[in-house]
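Undergrad: Dropping the structure in here first, questions after.
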Protein chains: 2
Amino acid sequence: MGTSGSPQPWELQSSEHLQDYDVYRVRRDRVRSPRDGSLHDFHVVDAPDGVTVLALTPEHELVLVEQYRHGIRQLSLETPSGILEEGEDPLDAALRELEEETGFRAEEPRSLGTLDLNPSWETTRVHVVLATGARRAGDEDPGEDTRVRCVATDEVRERVREGAIRSATVVAALHLFWAAGGGAGVATGAR
Amino acid sequence: MGTSGSPQPWELQSSEHLQDYDVYRVRRDRVRSPRDGSLHDFHVVDAPDGVTVLALTPEHELVLVEQYRHGIRQLSLETPSGILEEGEDPLDAALRELEEETGFRAEEPRSLGTLDLNPSWETTRVHVVLATGARRAGDEDPGEDTRVRCVATDEVRERVREGAIRSATVVAALHLFWAAGGGAGVATGAR
């Protein structure tokens with residue numbers, strides 16, 4: 001697969017802020033196709049970048065969070081995730097979100113890559129961070145209606161296969177985790 | 001991990017349509033926390049369910065599409081994807097989207113599972129469909145500024161690892177593909 005003949009980027013002609021919805025904003029971008037010069041309007045969902053953390057305990061479990069998600073109106077089992085604060089380093093954000101959501105602290109955060117939440121009409125990038133040595137350091141956030149679940153990595157794989165873990169970002173983050181060796185050796189420093 | 005002590009679903013009190021943005025709509029839902037009875041407003045992005053298709057050629061390549069995506073303002077390499085038409089079967093939609101976007105026809109579509117695009121504030125479910133025997137049957141859609149790329153499955157894995165394929169839904173769909181055996185034996189009927 002070469003890159004010859006790749007489509008060209010579209011040229012932004014104008015951008016208009018339309019509405020604020022707490023977590024995200026909607027804007028209308030007018031863009032010009034380089035192929036035929038035609039103009040197209042896109043309604044872009046503009047939300048801050050996020051982070052999701054693969055926090056591995058010394059027992060080789062992942063620290064997951066079960067919570068009600070109103071978008072799908074169901075419970076969802078996910079890796080702890082959140083939004084980056086202005087100027088915040090994704091690795092710092094990962095440890096902060098982990099502790100805020102679960103009461104766990106972890107160490108040696110490192111990037112496993114970034115994901116696009118929905119390249120078609122959303123700006124959000126999600127940083128995927130692996131951290132090890134996760135241990136309970138406090139209580140779960142009493143202001144959040146969530147439950148912490150520490151699940152062995154093999155069992156996590158099974159939960160994905162059976163459809164119990166279905167968030168696209170979480171499944172993709174777990175793929176990056178397994179592609180990087182599934183934390184093998186990281187928890188014990190053996191590799 | 002038991003399900004005892006799982007969080008309870010939140011109760012919908014009211015829902016108000018706010019705005020239409022072509023592909024999606026935004027509504028405001030007022031929901032009550034079962035934990036403390038408090039009321040919260042969520043701005044939900046309501047979009048139709050989608051489908052993404054893992055189309056495998058007899059040469060064990062996946063049919064991918066490279067296109068400019070305005071959400072991220074970059075080129076993106078993805079599995080062919082689209083929105084379900086009203087009442088349309090996801091398996092039919094997969095073959096339709098494949099042919100419309102790439103000019104390829106495929107056979108024997110089967111479900112690899114479903115993904116939630118963003119459980120937090122979006123309704124969209126994406127059906128992941130595997131189809132085999134993919135062959136070029138016509139031209140690419142001349143109205144779409146896209147390029148078809150047939151990429152060997154091993155090379156696809158490498159593209160994910162190096163961050164050239166970054167759409168969360170696409171990476172998650174590929175994970176389901178590999179977890180189901182990566183189409184091994186399917187293309188040839190050997191398994």
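Undergrad: Mind listing just one residue for me: the one in region B:23-45 that is surrounded by 18 or more Cβ atoms within 10 Å (Cβ to Cβ) and in contact with a His (Cβ under 9 Å, 6 or more places away or on another chain) and, of those, nearest to residue A:19 (Cα to Cα)?
TA: Step one: filter region B:23-45 for residues surrounded by 18 or more Cβ atoms within 10 Å (Cβ to Cβ), giving B:24, B:26, B:29, B:31, B:42-45.
Next, from what is left, pick out any that are in contact with a His (Cβ under 9 Å, 6 or more places away or on another chain): B:24, B:26, B:29, B:31, B:42, B:44.
On the way: B:24: 14, B:26: 10, B:29: 17, B:31: 22, B:42: 15, B:44: 13 Å.
Only one residue tops the list, namely B:26.
Undergrad: Collect the residues in region B:23-40 that are closer than 20 Å to residue A:26 by Cα and either at the interface with another protein chain (Cβ under 8 Å from one of its Cβ atoms) or in contact with a helix residue (DSSP H, G or I) (Cβ under 8 Å, 6 or more places away or on another chain) (or both), keeping them in residue-number order. Spell out how you get there, then give the answer.
TA: Pass one, region B:23-40, residues closer than 20 Å to residue A:26 by Cα: B:23-29.
Correct list: B:23, B:24, B:26, B:29.
Undergrad: Within the set of pairs 6+ apart or on separate chains, which have a first residue in region B:67-94 that is at the interface with another protein chain (Cβ under 7 Å from one of its Cβ atoms), a second that is open to solvent by less than 50 Å² (accessible area, probe 1.4 Å) and among the small types (Gly, Ala, Ser), and C-beta atoms under 7 Å apart?
TA: B:67/B:76; B:69/A:120; B:69/B:76; B:71/A:120; B:75/A:6; B:76/B:167
Undergrad: In region B:64-110, which residues are farther than 21 Å from residue A:118 by Cβ and of a type outside the set (D, E, K, R)?
TA: B:87, B:91, B:95, B:103, B:104, B:106, B:109
Undergrad: Return the pair list, or none, for Cβ contacts closer than 6 Å from residues in region B:1-22 that are within 9 Å of chain A (Cβ to nearest Cβ) and surrounded by 10 or more Cβ atoms within 10 Å (Cβ to Cβ) to residues that are in a loop (DSSP other than H, G, I, E, B) and modelled with pLDDT of 85 or more, at least 6 apart or on different chains.
TA: B:8/B:34; B:10/B:33
Undergrad: Take the conditions surrounded by fewer than 17 Cβ atoms within 10 Å (Cβ to Cβ) and in a strand (DSSP E or B) and apply them to residue A:147. Does it pass? Write out each step before concluding.
TA: Numbers: surrounded by fewer than 17 Cβ atoms within 10 Å (Cβ to Cβ): no; in a strand (DSSP E or B): yes.
Considered against the rule, which asks whether it is surrounded by fewer than 17 Cβ atoms within 10 Å (Cβ to Cβ) and in a strand (DSSP E or B), residue A:147 comes out as no.
Undergrad: Could you run through region B:96-129 and say how many residues are out of contact with any Phe, Trp or Tyr (no Cβ under 9 Å at 6 or more places or on another chain), among the charged types (D, E, K, R) and part of a strand (DSSP E or B)?
TA: Result for region B:96-129: 6.
Undergrad: In region B:150-170, how many residues are open to solvent by 20 Å² or more (accessible area, probe 1.4 Å) and assigned to a strand (DSSP E or B)?
TA: Narrowing region B:150-170 to residues open to solvent by 20 Å² or more (accessible area, probe 1.4 Å): B:150, B:152, B:154-155, B:157-159, B:161-164, B:166.
Subsequent filtering for residues that are assigned to a strand (DSSP E or B) retains B:150, B:152.
Number satisfying all stated conditions: 2.
Undergrad: Right, something else. So which residues in region B:123-146 are in contact with a Leu (Cβ under 9 Å, 6 or more places away or on another chain) and of a type in the set (D, E, K, R)?
TA: Across region B:123-146, the qualifying residue is only B:125.
Undergrad: Can you go through A:107, A:100 and tell me which one is over 25 Å from residue A:180 (Cα atoms), open to solvent by 50 Å² or more (accessible area, probe 1.4 Å) and either more than 7 Å from chain B (Cβ to nearest Cβ) or not hydrophobic (A, V, I, L, M, F, W, C) (or both)? Break it down into steps so the answer makes sense when it comes.
TA: Working: A:107 fails: over 25 Å from residue A:180 (Cα atoms).
The unique qualifying residue is A:100.
Undergrad: Are any residues in region A:124-140 under 30 Å from residue B:24 (Cβ atoms) and open to solvent by 30 Å² or more (accessible area, probe 1.4 Å), and if so, which ones? I'd like the intermediate steps shown before the answer.
TA: Of the residues in region A:124-140, the ones under 30 Å from residue B:24 (Cβ atoms) are A:124-129.
Of everything in region A:124-140, those that are under 30 Å from residue B:24 (Cβ atoms) and open to solvent by 30 Å² or more (accessible area, probe 1.4 Å) turn out to be A:125, A:127.
Undergrad: Select from region A:120-169 the residues that are basic (Lys, Arg), facing chain B (nearest Cβ under 7 Å) and under 19 Å from residue A:50 (Cα atoms) and list them in ascending order.
TA: Kept after step one, since they are basic (Lys, Arg), are these residues of region A:120-169: A:125, A:135-136, A:147, A:149, A:157, A:159, A:161, A:166.
Now restrict to residues that are facing chain B (nearest Cβ under 7 Å): A:147, A:149, A:161, A:166.
Matches in region A:120-169: A:166 only.
Undergrad: If I filter region A:46-66 down to residues being closer than 20 Å to residue B:6 by Cβ and more than 7 Å from chain B (Cβ to nearest Cβ), which single residue comes out as most open to solvent (accessible area, probe 1.4 Å)? Write out each step before concluding.
TA: First, pick out the residues of region A:46-66 that are closer than 20 Å to residue B:6 by Cβ: A:61-66.
Checking the rest, the ones that are also more than 7 Å from chain B (Cβ to nearest Cβ) come to A:61-65.
Numbers: A:61: 54, A:62: 1, A:63: 1, A:64: 3, A:65: 1 Å².
Once the filter is applied, the top-ranked residue is A:61.
Undergrad: Further question: Within region B:16-55, how many residues are under 21 Å from residue A:168 (Cβ atoms) and not basic (Lys, Arg)? Spell out the reasoning first.
TA: We begin by selecting, within region B:16-55, every residue under 21 Å from residue A:168 (Cβ atoms); these are B:21, B:23-26, B:42-55.
Next cut, not basic (Lys, Arg) only: B:21, B:23-24, B:26, B:42-55.
Matching residues across region B:16-55 total 18.
Undergrad: Something else now. Please tell me if residue B:89 is acidic (Asp, Glu) and either surrounded by 20 or more Cβ atoms within 10 Å (Cβ to Cβ) or within 17 Å of the chain's Cα centre (by Cα) (or both).
TA: On the way: acidic (Asp, Glu): yes; either surrounded by 20 or more Cβ atoms within 10 Å (Cβ to Cβ) or within 17 Å of the chain's Cα centre (by Cα) (or both): yes.
Here the answer is yes, as residue B:89 does meet what is asked.
The values are calculated or read from the model by the stated rules, or taken from the named source; none is laboratory data. Just so it is clear, the model here is predicted, and its values are computed rather than measured. Please note: Cβ atoms are built from the backbone with ideal geometry, for glycine as well, and neighbour counts cover all protein chains shown. Heads up: the accessible areas ignore ligands, DNA and RNA and are worked out on the full protein's heavy atoms, side chains in. Shrake-Rupley method; radii C 1.70, N 1.55, O 1.52, S 1.80 Å.
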